[in-house]
Every structure is written in C-alpha cells, then in structure tokens.
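Report on one structure; see the data block that follows.
Bear in mind these aren't lab numbers, they're just calculated from the coordinates by the rules spelled out. The model shown is predicted, which means the values in this text are computed figures rather than measured ones. Positions of Cβ are backbone-derived with ideal geometry, glycine not excepted, and every protein chain shown enters the neighbour counts.
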Amino acid sequence: MKKYWKDIESKKKKEEVDGIIKAPDDDNSLLGLLSDRRKDMAASRRDFLKLCGFSFAVSALSSCQSKISKAVPYVIAPVELTPGEALYYASSYINGSDYCSIVVKTRDGRPIKIEGNPESGISRGGTSARVQASLLDLYDGNRFHNPLREGISTGWESIDTEIISKLQKIVREKGTIILLTPTIFSPSTEVVISGFLKKFTGSEWVQYDAISYSAMLEANKISFGKQVIPDYRFDKADLIVSIGADFLGTWLSPIEYTKQFSSRRDPGQDMNWLIQLESNLSLTGSNADNRIQIKPSQEAAILLNIYKEIIKGVENRHFEAPSSPIDVSEISKKLVSSAGKSLLISGSNVKHVQLLVNEINRLLGNIGKTILFDSFLRTHLALDSNMEMLIGKMQKGDVNALLVWNVNPVYNWYNRDAFTEGLKKVGLTVSLSGSPDETSSILQYICPDHHYLESWNDAEPKRGHFSLMQPAINQIFDTRQMTDTLLKWSGSTMGYYDFIKAYWVDNMMRLQSEFIDPVTFFDHTLQKGIFEPASSIVESAGKPGKSGSIPFDPLSVKTGDNAGKNSTEIVFYETIALGEGRQANNPWLQELPDPVTRICWDNYASISPKQAKEFNLTDCDVINLGKVELPVHIQPGQSYGTIGIALGYGRNKCGIVGNDVGTDVWPMLTSENGNIVYTGTSDHITKTGRTYLFAQTQTHHSMEGRAFVREAGLNEFRNNPAAGNELHAYNLEHNKSLYKERTYPHHHWGMAIDLNKCTGCGNCVIACQAENNVPVVGKVEVHRVHEMHWIRIDRYYTGEEDNPEVVFQPVLCQHCQNAPCENVCPVAATNHSSEGLNQMIYNRCFGTRYCNNNCPYKVRRFNWFNYSAAGTLTGNLRDKEGMTGNLRRMVLNPDVTIRAQGVIEKCSFCIQRIQASKLKAKYENRALHENEIQTACSQSCPAKAIVFGDMNDHKSELNRLINSGRRYNLLEELFTMPSVNYLTKIKNKIL
Amino acid sequence: MSKVSQAEKIKYLLPFIFLSFILNPALSNSLQVVKTLKVQVKDTAKTQKKDTLKVQPKESTNLQVKDSAKAQGKDTSKIQVKDSTKVQPKDTLNNQLPDSVIYKQTNFSTEELIRGARLFNGLVYLGDKSINCVACHNTHVSDTLNWNPDALEISRKYLDKSARDLSRVLLKPIGPKMKLVHKGFQLTAGDIVLIKAYMNKFVGIGLKQNKPVITYLLLLIIASVLFLLSSVDVVIRKIYKDQRINWAILTFTTIFITWILAVNAIAFGRAKGFAPAQPIKFSHAVHAGQNKTDCNYCHYTAKISKTAGIPPGSVCLNCHFLVRNGTRSGATEIAKVLKAIDDKKPIEWVRIYKLPDFVFFSHEQHVSAGGITCDACHGNVKEMNRLYQVPDLSMGWCIDCHKTRKVNLSNEYYKTYYSDLYDSLKAGKIDSVRVTGIGGRDCGKCHY
C-alpha cells in the first residue's frame, strides 16, 4: 500500500490565527456578546440570562408574525412560459477568449443555472468553473447601470449624439480612431466592426489578449504560412508531451481539451500517455503520467535536445545541441515510435521555442493528424506587437479617439504606465465594457454593454464550428450591447439581432442543405445552439506549407540560460478560477479552492520545499520579491529554483468582492522581441518577517493512512483488472453488519466517479453551488473551516516530497446504506429514503452536529452563521460579499430550500432533479430514459468522470462501471456501504 | 367554620367563577377587548366598579355584549339621540351658508368629525329618513363577500373628487341597485361633507381590523394566577384550610394550561379558514359554481406545473372582453380587471394557500400523476363567494392523505419500476397500494 501524505509538516498556526482573525464586525451579535475577545466584558451570568431572554423573545415574536404574501400574475402571460416550470435556451458563453456552448436554465424569466450543450462538437456538454460562475456575474450590482459621462449618469440619446459628433469631427480632421477589443471570433461582430471602420475613415481596430499567444501565432506564420493557432487533437494522440502548457486547466481551450484527453483515459481501451515538463505544479502536471521538473530557462535547451534525438531517429541526421539539463532520450524515443500519433506542445510565449516545437511536430508527421489546420482556433488572434504599436502612437499623440471594449490594459498590460501615459494624449476615450474595471475608470465616456446572458451574438471559435448566443433574460440595467452601439454610431438603423439573422441567412444558409426556408434554418439553429456543417463545405484555411519549404535554423535558438546562478526564476500563471482576472468580482470563483494548493481568495508565491529550507521560509511567511511582497506557499513539486505566482489578482476597481483580493503582479511581466514573457527572475528574495493568513481548505479533511485513493499502473491493470484494489475483495468478504441489510426494490440511486478521468478542474464544485444554493462564506470563514461546498475535490500527494505525484478525489455525501450519521441524529432530521438516498431535512434539524461528528467522510456542512439571510435572528448575517442582496438572490434555485443558520446541509444527489425527471416520466406515461437524470456535477463534467444513475437498472452505464474490477468504496472497511463508487486510478507508467 | 367575612367568602367563589367562564361558550366568545366610544367605555367602567365583586358573571357579559354591539353601530339607543342633538346647533349654522361654499370645506373640528362618523354608522337620528351607510359599506375587514364597495373603496374613488360629486350619487342615485337603496335620502350638504371627511381617513389607515379574540389569553392568565396562588397556599396554608381544594385547583389549572398551550402551539402559524379581502371581489361561487367554469380553465398550469397559477389578466379577458356587466356589482369589479390590463399593472391578489419555503409541493404531481381532484384539498370552492383556506396545511394533514390514498399503478412508470407491486396487485395478493407504499413518507420527497 502506498503511503499518501497531504502536507509537508503540520504547522502550529494557532497564534497566527488568533492574531489575524478579527472579531465579528458587529458586537451586538450573539457571538459578539458571548465572545471572549470582548475584553471589557467577560460574559457574566447576567449576560447569559439576558441572552436567554432575548433569544426567547425574538423567537416567540418572529414566529407570531404571519406574513401576508401576494400572488401577482402576469397581466398578459408570455405564450412559451409556464410559471413554475424551467425553460432552457441554447446559447454560447463568450468572455474574452473563453468560449463554451451552453444551455441556460431559466425559471420564470431569470437564468438560474448553466449547463453544457451536448450538441456542441467543441465542449460536448462540458463546462468549466468559470462558465458555471458566469451566471452570477449577470446579477452583479457592480455592473454599470446606465451610460456615464465623466462618472455622471446620463441617457443614451445625449451620449450618442455627443460621441457621434466628436467622432465625425475627428474624421473631418483626418484623425485616428482606435477600437480596442479582445480577439473577436464572432463573424457578425467582425462585420459590424468593419462597417464601423468604413464609416469612420481613418479608424483602426486593434485586438489585445491579456494572456498572449502571439509568439505561437508568429511562429506558425513562419512554419506553416498561416498566422493561426491550429486545432490540437488530444483524442488522437497516443503520446502527449507538454512543456509548461496547462492544457487541462487554462491553455487555449481547456474544456475541449479535457473532453478529448479524458476520452482516452479508459484503461480498458487505448489509453494515452501524458508527459509534462513544467516548473509549477499545474493541473495538467498533476494529471500527468510522468512529470519532470524543469526551469523555464531550460525549455529551449531541452527542446533542442529532443530535436537532436528526433532528427537522428527520423532523418538519421546529426545535429549539435547544447548539453541537456535532463535526459530526453527516452521521451524522444517514444515520440519517434509514436510518430503521427503524438503531440508536442509548449506553453511558452517565446517565438523560437514555438518554432522548435513546430519543427519537431513536423518531423514527427503530426501535422494533419494530431495538429489540424483545417479547423484552426479563432479565439486567440491578437498580437502583442499591435498593442505595442498602439501605445507608441498614443504616446506620440497620434490617436484622437480610443474605444475600449472588454479589455483592461490599465490592469493587465505589462507596461501599464506607458498605456496610461498615452491615454492622456487621446482626445476622446470611450469604454464599451459592461462592468467597471481599472481601464474604464479613467475613460471619459462609459457606454455599458450587456452581460452575455442578455445579448444576441454568434461565434466561430473554431473554423467550421458556429454557434449562436441568445438572451435568456431581458436586460437588467439600462445597458446596450456593444455591437448595437457600434451599429448605431455607424448610422445603421438595424438592430444587432436583425443583423445576425441577415448575416446568417446570407452566409450560413448555403453551408447546409437541410433547410430551404431561412426562418426555419435560423430558428432551428438557434434552438440547437450550434451549427457545424460538414467540414468539406467550409472553405478551409488552406493546407499548411510544405514541410521542407520553411527555412528554419535551429542554431539560431537561444538557450537563454543566462540567468545568474543565484537568481530565482519566476513563472507567472493563470489560476483555474480567475484566469486573467475578468471575473474577479465573482464570489463563487474567488471561493473555489485552487485544485492543487487548495487555497482560495488569494495568490501567493509557490516555492519548492528545498528552496524554502534554504531561505529558511515556512508557509505563510511574507517575502519581498523586489516589486511586490507576497506570502509564501511551500508547494511540493514546484521546480527547485523557481517561484510560481498567479496573475489575475490584486484588482482594485472591479467591485466589492474582488477589490484588493491578492496581489497584482502584472507589472512584473516583461516583453521580449515584441511578445510578453510570462517568466521572470528575482535576484534577491528577502523575508519581511511578517506572516499572512491563507484561507486553505487542504488541512481540514485528513483521511490519513487509509486507502481512499487506490491506483495501479497500466501494465498491472492489464494483467489484473482489480490491480491496486485488492482490499475491495477482502472488505467484501469480511464486512458484516448486525443490522439486516436494507433492500431497495424500486430505485436505488448511485454514482460512479472515475478517478482516472477526473482532472480536478473544479467545475462540479461551482455547478453544485449554483444548483443547490450553496452560500458563499468569505475568506475569514473559510479559514475557520466553515466552507460550505457540498462537493470538494481532495488532493493527495504520493511519493517524494520534492517530486510528488498527485491524485484528485471528488468527495461528496456518499449516501451510505449503513449511514453513521443517521443513527446519531436525535430528531431523525437525517434518515434514509426508500430509494437509497441519505436525506437531510433542514426544517427538522436543530443543529446538534452529531451527524457531522459521526460522518467519516466529513461531507456535512454546518451553517455557523446566517450566510444566506434565511434566518430570523438578527445580527448574525455574514455576508461581506453581498450575496444576500436582492439582485444576487435572483440566482437562487427556487426548488431548493435556502438553509438558515444552525442547520446542517449536505449533498442531496440533486433530489430536485430526480423528482422532476420522475414526474416528467409519470406525466408522459413512460419509463425513464437512459441518463435522463443528471446531477449538477455529472451533467457538466468536462471529463465525464462522474456518472449518476439507478443501480437497479442493470443496463445502465453506471452498472457497467460498478461491475468493473476497479470499483471500490471510500473507507469501505467501515461497512458504511456508500452509494458513491470510485474507480481506481490507472497511471500509464511506462517511463 | 367559624365566622367568615365577606371578603373571605369570595375566595371560595374564585374557582367557580373561573369554571363558569370556561363552560359558557357564548360568554367566552363575547369576551373581547374593545375600544368603544368614550361614553360606552365609561358606562362599562361604572357598572364594573359598582358591582365588581357582587355581580353575577352572566350579567356582566350581557352588558358587554350590548356594548360591543353598540360599538359596531348596530344598536341605536337613547344615548346616541342625545349625542346627535348635541352637535345639532353647529349643523344648523352650516345650513345658512350656500351649498357651494359648504362643499369646499376642508377643515373640520373634532365634533364635526364625530358627527361624520355617527352619520356613516347610522347613529344619527334623522326621523324616517335615517341613513345607515355601514349596513352596506363595510368599515371593518370582513371575512365574507360583500358585493357593495366598502368605505375604503368609496373614499379612494372620491378622494380627488369634491363632496358635490358624492352628493350626486347619494341624492340622485344612478344604478338600479343604488336607486333602490339610496331612495329618498335627505342629507344636507353639511352632512355629506362630514361623511366624506369621515371616509377620507380610511385612505390613510385602511379598513378597521377586527379586534382579536383574546378570551383564551385571559383565561390562561387567570388559570396561571390561580395556579400560583394555590401552589403558594400549599406551603403557607393561609387561604384554604382544606388542602384538597388547593390540590383540586392545581390539578385542574395544570390540565387547562397544558391543554390551551398545546392547542395553540399546534395551531401556531397555521391559517385554516384564512379568508382575506381580495383587491377584486372575485367570487368562485359565481364563476366555478353558477357558470360552471372548469378549474383548469383559469388555473391552466395545475396539470403541467408545480404551481396551479393565478390566471393572468389576459385569461380574464377571454370572457370579460364581452361580459362587462355582472348581475350584482360586476360592473365595478370587472372594470377593475379591464383597468389593470389597460394600465399594464398586474392585480395583486392576496395569497391564501401558502406552504412554508422548505416544503416542495407540485400540483402536477398530485393532479396529473396522482389524479386527485381539486376539491380534495381546496374544498367546495364552487360554493365559496370569498375563497378561504380549507385545510390547515399541516404536515399531519398531508401524511394522513398519503397514508390512505390509493395509487393507480397503471402508469408505465410504475409498471417499470414498481413491477413487483403491480404484479401482486394484479394477482390479487394485495388489494391496494397506498402512497406511503411507494415512498410517500420519505422526508426527502417534499423537503429538499
């Protein structure tokens, strides 16, 4: 049995805890009165009696009031709407370069949940945590409510005439108007923009992506003659070698790649093999079969050596390469042997590194097989050099008007001072963004955009993959879609909706032959959400250039190992939750723990254990890195000599939730040959002597020394399907119960979680939070072990401290048939249903927390305070994030009870969905369809790692998984007989 | 027993007085705390003072019954006639002015306002032509349907209009019903102004609420006092020499206190019989009863959704596009629906059936899947003019039905998943399957 460990050393943080955590804000609360932190008043007997009397009076009075409530019907009811029934709209999620095809669930006119669209060829029913959480952004009161002129509210009429006349004046004076946007991959928007550019002669369009892939674009232009990012097919690759590209977490199109990658993680079939070479312990690195630690500066040298080996293997030529920091002969051999079925990718934004990657892939014959140019990505097209040029122009005073939409260079451009400096010389500055950010805060005019759930749009994220976006709610504020604004300013009388319709009829109709009537075609596509015509019809981007035709001189590649010996390299990365920081004002995302570090509400400097020892650092120490000060997180698996820091934090103009969360490190970025480099060096790291407090969910759920995650190698598995799972048979034999075994003759709901497929991305956590009204508790409360997520993803390390392997395990209520929690509840508030569910009845619970104590899985959550404003006692509201405001509460699912203070809550297997599906079947007089009932976590899992179903249905996919040799239950030696089953993790350990 | 003083005699009466309170239901109903007109309060006070201890309980209640009746203006007695004569001189003074001036009067003295109130409540004697507005136009919240507009509605209507407009309706009635009732009114301009002034106050405060019946609270207090007295006396032995009396009182009051607390605690927060006034006097008896409209016509989502739904204004319009006049006061009420649709302002009905937030209830489940008729829960709506809550909507009420209601297993869903039950039912091994038999008592079926 492997020994698993979770933490480097247990730390005594008690003193820090007491030192930093503040007493509750208002001391009139019960806790405040009883608190021993009130020095002037130790709680005396008198206070106790006072409190008793008070609480009795309050509870008596509050129960006396019977509120008269109103039932307000529609005046004229919309035809399609049935009160109390959900309506689903297929739409698309677009935020910067993020894209996902989605289905929006609305109840009585308001979106309450986002689900994946299984029709899509890109996301195939998967979503990400960011997509799930984008729903909450709709109900963000911090969004602009109306157009603003110099910070003062105004009307659309006056702002339109004013801006149009100013723009026209600039055109007359032959000035320059710049439209600054992120990469636009909406075909209709592109036409709108080109119309705008034509109308205002002398105007230009600049695209800017905060996380830049411009080196890749430039390299592909040289290597293949096309300045695009190709379509990587991870499902077609037997061997994936990734050098610092976190393609399961943040790189390019993670939802799509997770789907593809996981589809090849079935050990019974042709399982793929992932080798990750990286500095930070990323999500992809955590899921890799082999992970090799490197420094970012070594990337070029390693690639040159791989190139050397491959050119030797494929073309039998000799090439002189500098000495390699690591042994690459094995990797190269494997690459050569799986030529045409392999994939080499790099996350670097250095052009010569990407050129080398292209050359190796070309040598291996991967182009056209695992790397396709027919269906290239359109989500990342921006070049850093364009932005550089724009700033140069602005500083020279050559730009007369700047229209900014949805980009935030004042925050995330590496040289923000230059941008701000240049902005001062621009006569007219207009923001078209929907929510406040650092950039729009210093612009003259604000013409706010809709949220994407209020908008019409279309998208072509990949060539030949079209999708439509439709509003799921009427606009909440007095906003107007950016494209509508541009159309209006261009003098068009057409609305954007009509524009899209016309565009699709003109351009998309001919790509299909199914529908002849344009109205039917559009409506049908709108209902489906996506339009993916046969690839042969879509005009291709052209074949990549011939392999030999591109001059490439590998000797020109700089190995770049010029960093001083003592200096430490810094690697900047995006987190799964926040990315570049667009959704920083989203409390769901802020509270989503990082999959690896398990820290939320913060960024930090990840440092390797060895280096921490050298610098004499412990967790939570604050260090000075020259430009910024950051707390230290000692991260096993962090490459020695490197520090990992997350971008996207430290915003100060995004709203009450995200302001001043974490540290802003964008100014530490540099630019090299016109491309932003996401690495850096620091020569002096000094200890400040201060300590910092993390909200970390890691140390709370220790299941030490037990076989909760079981794994085996692929070869062992091939010999014995139950490899690594020997304990299961033993436990089955030896477990005996005094109680009579319960039977569930009708339904018996269960779940299977394939640990081999789960990547730990956190989508299920947010999906569950949205579906089940799970409250946000805030940083201080998370630190006090009060987080409320119903499903958590435990992360364990195995192996050496300096180079550990990582396993993820989603843990939710196991719905045990011999549930330890049920026996101890004094009021039977938790008990078993006839369908095998462990039920939790909130209105019956009075908060003894015995069940919580007795649960071996620690999945029960207690409402320590009034997090959701459902309680009757005053003064105990903990809602720093404003989640109980009227607008934010519109996100709540009306079918799930809001839990009050003092009750336990936990996963219900989405019983509201089970009941709804059963009722639908009864109404339609039929049996349930296969996979008709999906829990929130299983529906949108991008890896399809979670399967829910009826264990009594012997034909179901669930039963196929349960009957495999890999199945085991968590802590099965306790004989709790959970309904949640896990499948062992099988690693492809060949190296 | 030696010499017993008068005061000491009474202590033996105490338990009996208390008993008679409980045993006389008519009496307990009438024990209301009412704020009446000053005169009446004074009167009761007087009588109570005089006969505090001597008077028989029954007598005192009779007095109170009379008083409360007076307060509601149902009784015209001598006192009132006297009162009206008091304010008469002022009135006659007004009469000397031309009507147009009187109608514009805005400031009123307290005396005048009282006269307005008395006129409305029919307490002013005007000979044969005495009026009694309150007989048709409620001033109190009522739990039965009164087709006539109440004081609040009238005052809202005439708030922005002058008293002259009101006088036209009063003296020259238009509608057939009004012609009949408002026949031969002989009101002076002064009186009409005062009536309008009286009604205006309802705009601010709304209709008067009925005073809560607090009989049981009083009884509870008395019982508690007795209980305390007796328990003290068990120790000090000063009041009753015979300890058995103490023990009897203690036993009885304990039972009574427990019973009353239990009954009230169970009924807490439940609203059985709740029959609020609705913004439109909609009668289910007329629509569902006389006109035999199917429930599902208006509540069209009951079969397909969680909620039965309050019909949107557009549904009303299906019939009332043509039907603009009812037999009673339909014209005024139907006009409200049409106005709401014209103004695009939804009608804010008062919700009657309301389950707590932690209960999930689906009409679709019960009506479509379960095949339960509407009246099983909502009672005989066809006979209700004003709708009221029939069941107490307690969990016991739900469970009772789940225990007894038979399930129709012929649905394909049940045939697939409950095949064992279906087969044994067909084979005659069991005679029926109740809702509880298919998990109808699982907590999680309704609470999640």
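Using the structure shown, select from B:Lys201/B:Lys382; A:Lys221/A:Lys369; B:Lys161/B:Lys183; A:Lys70/A:Lys920; A:Lys70/A:Lys105; A:Lys169/A:Lys221 the pairs with a Cα to Cα distance greater than 31 angstrom.
B:Lys201/B:Lys382; A:Lys169/A:Lys221
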*In Hz, Karplus ³J(HN,Hα) per residue of segment A:250-261 (6.51, -1.76, 1.60; θ = phi - 60°; x = Gly, Pro)*: 9, 7, 6, 9, x, 5, 4, 5, 5, 4, 5, 5
*Could you work out, residue by residue across B:414-425, how many beta carbons of other chains sit within 10 Å of that residue's beta carbon, and then give the average as an integer?*
3
*Residues whose placed amide H lies under 5 Å from that of A:Leu274, excluding near-sequence neighbours*: A:Ile240, A:Asp289, A:Asn290
_What is the sum of charges, Lys and Arg at +1 and Asp and Glu at -1, for the other residues whose Cβ falls under 11 Å from the Cβ of A:Ser282?_
-3
_Can you tell me what share of the DSSP beta bridges in the protein assembly as shown is antiparallel? A percent to the nearest 5 is fine._
60
*Within 10 Å, count the other beta carbons around each residue, average over each peptide in B:179-185, A:282-288, and list them highest first.*
A:282-288, B:179-185
*Hey, can you grab everything whose amide H is under 5 Å from the amide H of A:Val103? Only 5+ residues off in sequence or another chain; H modelled, so Pro and N-termini drop out.*
A:Ser91, A:Glu115, A:Gly116, A:Asn117
*If you count, for each residue, the other Cβ atoms within 10 Å and average over each peptide, how do A:505-514, A:589-598, A:431-440, B:234-243 line up from highest to lowest?*
A:589-598, A:431-440, A:505-514, B:234-243
*How large is the helix-only mean residue ellipticity at 222 nm for the protein assembly as shown, computed as the sum of -39500 (n - 2.57) over DSSP H runs with n ≥ 4, divided by its residue count, in deg cm²/dmol to the nearest 500?*
-10000 deg cm²/dmol
_Ranking of A:Thr181, B:Thr436 by count of other Cβ atoms within 10 Å, fewest first_ = B:Thr436, A:Thr181
_For segment A:215-377, place one equal point scatterer on every Cα, skip the solvent, and apply the Debye formula. What is log10 of I(q)/I(0) at q = 0.09, 0.10, 0.17 Å⁻¹?_
-0.26, -0.32, -1.01
*Send over the Kirkwood Rh of segment A:788-846, from the inverse of the averaged 1/r over different Cα pairs, rounded to one decimal Å.*
14.0
*Could you give me the ³J(HN,Hα) list for segment A:572-582, computed from phi with Karplus coefficients 6.51, -1.76, 1.60 and θ = phi - 60°, whole Hz, x at Gly and Pro?*
9, 9, 8, 8, 4, 7, 9, x, 7, x, 4
*How large is ³J(HN,Hα), in whole Hz, for each residue of segment A:791-800 in order, when computed from phi with the Karplus curve 6.51 cos²θ - 1.76 cosθ + 1.60 and θ = phi - 60°, using x for Gly and Pro?*
10, 10, 10, 6, 10, 10, 9, 10, x, 6
*asked:* Can you sort A:Thr575, A:Thr743 from fewest to most other Cβ atoms within 10 Å of each residue's own Cβ?
replied: A:Thr743, A:Thr575
*In whole Å, what is the distance between the alpha-carbon centres of segment A:908-983 and segment B:366-422?*
29
_Cα pair distances exceeding 43 angstrom across the protein assembly as shown, given as percent_ = 58
_Average beta carbon contacts from partner chains per residue of A:919-928, 10 Å cutoff_ = 6
*Could you pull out every residue, at least 5 positions away or on a different chain, whose amide H is within less than 5 Å of the one on B:Leu387? Hs are placed 1.01 Å off N in the peptide plane, and Pro or chain starts have none.*
B:His284
*asked:* Sort A:824-831, A:762-769 by packing, meaning the average of other beta carbons within 10 Å per residue, with the highest value first.
replied: A:762-769, A:824-831
*Shielding of A:829-837 by partners, i.e. mean partner chain Cβ atoms within 10 Å per residue?*
4
*How do B:Phe358, A:Phe499 line up, fewest other C-beta atoms within 10 Å first?*
B:Phe358, A:Phe499
*asked:* At a threshold of 8 angstrom on Cα-Cα distance, excluding pairs fewer than six apart, so keeping six or more, what relative contact order does chain A reach in percent?
replied: 15
